[in-house]
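Q: Let me give you the structure first, and then I'll get to my questions.
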Amino acid sequence: MFETVTPPEPDKIIRLMGLFAADPRADKVDLGVGVYRSPEGRTPVMAAVKAAEQGIWERQETKGYVALTGDPGFLDAMRRLILGDAVSASRVAACGTPGGTGAVRQVLETVHRLRPDATVWISDPTWPNHPAIIDHLGQTRQTYRYYDAETGGIDRDAMLYDLAQTRGGDLILLHGCCHNPTGADLTRADWQAVAEICNRTGAIPFVDMAYQGFGDGLEEDAAGLRLLASALPEVLVAASCSKNFGLYRDRVGAVLVVTGEGKAQAAAQAVLAGMNRQSYAFPPDHGARVVQDILADEGLERMWRAELDDMRAVMQGNRVALASALRDATASDRFGFLAAHRGMFSLIGASPAQVDILRDKHGIYLVGDGRMNVAGLSPETVPKVAAALAEVLA
Ligand code: LMR
């Protein structure tokens, strides 16, 4: 069966991980894949996670199946964390998934089944796996303009113009916070404008919430999504615990469907259960239980929130340090946008050829579109990275 197959190319992020791993240089710098690193260059297991895992080890007495949609306690904790009290619990259907990518896949596949004619609108640019999954499912997609490379901010007028072209039932894929790859987020007024467009055209927002807590804080980062949820009849959410709980390899994610109370909510819950059953039956439990146990215990939650605050401060510190080093190195404010962006990523404005030079000559790894993971920087590497960027992007 496979003899005649042309092997598919991995996407640009996965390809870069392979190139970095194969590079023997000791002073190489990984600013590629979106993984948090401490100033010492580690991706630590959070102390709150360790403590929760210990509790599970001590108390768990069975590894029997839980439920097709995952543990209701986990789903309720995720609903509260993400939606706060923006909508009543009776309007929300939910299921656990293997990671945020699993959630994105389940949402898109659900929409594909229920509304095969819907167009999925994605920002230009977006995370490469969004169009990859949409294409894999055979959905129709369109891009809406988003990023203004001149200002390092959002091209608001163009975005709203494009979104106004959506039709009833279309899906608008938005990044809840910490836009990947640009680092440029919507303001409250922008979220409000998107809500008004959805109300007018009948398009449904689909919010990918992969970095809650990495921008301005847990509540702040969810404010836009909550605004949509309280203003619209239907909102779909794909959530990830990879980054904010550091549970990357444990694959912890969830789908939240905000819909009508009663019949609609019950139907959505049954659809999600069926989707899970046909994809992988039961979602993974261990990481989800860690999250559930942390959020159910005041002490553990406090510990986790403090660790998350520290991670956010490290990333913001890296941004400020790099922007300042680049100001000195280029005698200009050209890279000032770095400090204004939020989350792990920024588009640095490097062409693919410049990205190649940064990698080959300086051992600095950025994604081909010029995306930099600022969490990969450290006080030690900022001067080297700033000097190389100033030279190569001159
Ligand atoms: C990224 O964008 O680098 C992360 O979300 C990891 C991934 O799966 O691509």
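Q: Could you look at the range 65-296 and say what percent of its accessible area is carbon and sulfur, using a 1.4 Å probe and all protein chains? Don't skip to the answer; put the middle values down first.
A: Working: 4220 of 8610 Å².
Within the range 65-296, the accessible surface is 49 percent carbon and sulfur.
Q: At R0 = 22 Å, how high is the FRET efficiency between E219 and E196 if r is their beta carbon distance? Nearest 0.05 is fine. Spell out each step's value before the answer.
A: On the way: r = 23 Å, r/R0 = 1.05.
FRET efficiency, E219 to E196: 0.45.
Q: Show the residues, 5+ positions off or on another chain, whose built amide H is closer than 5 Å to the amide H of L174.
A: F206, V207, D208
Q: Grab the other residues whose beta carbon is less than 9 angstrom from that of Y365, score K and R as +1, D and E as -1, and report the net.
A: Cβ neighbours under 9 Å give a net charge of 0.
Q: Could you check what % of the DSSP bridge pairs in the chain are antiparallel, to the nearest 5? Please report the intermediate quantities before stating the final value.
A: Details: 17 of 36 bridges.
The answer is about 45 percent antiparallel.
Q: In whole Hz, with x marking every Gly and Pro, tabulate ³J(HN,Hα) for the range 302-312 from phi via Karplus 6.51 cos²θ - 1.76 cosθ + 1.60, θ = phi - 60°.
A: 4, 4, 5, 4, 5, 5, 5, 4, 5, 4, 4
Q: Of K12/K243; K361/K384; K63/K263; K243/K263, which sit over 23 Å apart, Cα to Cα? Display every interim value, and only then the final one.
A: On the way: K12/K243 20 Å; K361/K384 12 Å; K63/K263 33 Å; K243/K263 34 Å.
Too far apart for the 23 Å limit: K63/K263; K243/K263.
Q: Once you order the gyration tensor axes a ≥ b ≥ c over the Cα atoms, which shape class does the range 37-96 get: rounded for a/c under 1.5, otherwise prolate or oblate by comparing a/b with b/c?
A: Working: a/c = 2.73, a/b = 1.32, b/c = 2.07.
Cα axes put the range 37-96 in the oblate bin.
Q: Return a whole-number percent for the relative contact order of the chain, with Cα pairs under 8 Å and 6 or more residues apart as the contact set. If you can, show how the numbers build up before the last one.
A: Values: 733 pairs, mean separation 101.8, N = 394.
26 percent.
Q: Under 15 Å from a label point 7 Å along Cα→Cβ of A273: give me every residue in the range 93-115 with its amide N that close.
A: Answer for this model: 93-96.
Q: What's the extension gain from T143 to M17 if we count 0.36 nm per residue and subtract their Cα-Cα distance? Present the calculation step by step, with values, prior to reporting the outcome.
A: On the way: separation 126, 0.36 × 126 = 45.36 nm, distance 2.67 nm.
In short, 42.7 nm is gained.
Q: From the phi of every residue in the range 181-192, what ³J(HN,Hα) in whole Hz does the Karplus formula 6.51 cos²θ - 1.76 cosθ + 1.60 yield, where θ is phi - 60° and glycine or proline is x?
A: Karplus values, whole Hz, x for Gly and Pro: x, 7, x, 9, 10, 6, 8, 4, 5, 5, 4, 4.
Q: Kindly identify the range 342-394 as rounded, prolate or oblate by the Cα gyration tensor criterion: order the square roots of the eigenvalues as a ≥ b ≥ c, call it rounded if a/c is under 1.5, otherwise compare a/b with b/c, prolate if a/b is larger, else oblate. The partial results should precede the final answer.
A: Values: a/c = 1.70, a/b = 1.14, b/c = 1.50.
Oblate is the answer for the range 342-394, as a/c is 1.5 or above yet b/c matches or exceeds a/b.
Q: Would you grab the residues whose amide H sits under 5 Å from the one on V120? Only those 5+ places off in sequence or on another chain, please, with H modelled 1.01 Å from N.
A: Amide H neighbours of V120, under 5 Å, 5+ apart: T140, R141, Q142, L171.
Q: Tally the DSSP beta bridges in the range 65-296 and give the antiparallel ones as a percent, rounded to 5. Walk me through the numbers before you get to the answer.
A: Details: 14 of 31 bridges.
Expressed as a percentage, antiparallel bridges in the range 65-296 total about 45.
The values are calculated or read from the model by the stated rules, or taken from the named source; none is laboratory data. Here the structure is a predicted model, which means the values were calculated and not measured. Note that we place each Cβ from the backbone using ideal geometry, even for glycine, and neighbour counts take in every protein chain shown. Heavy atoms of the whole protein, side chains included, go into the accessibility calculation; ligands, DNA and RNA do not. Shrake-Rupley method; radii C 1.70, N 1.55, O 1.52, S 1.80 Å.
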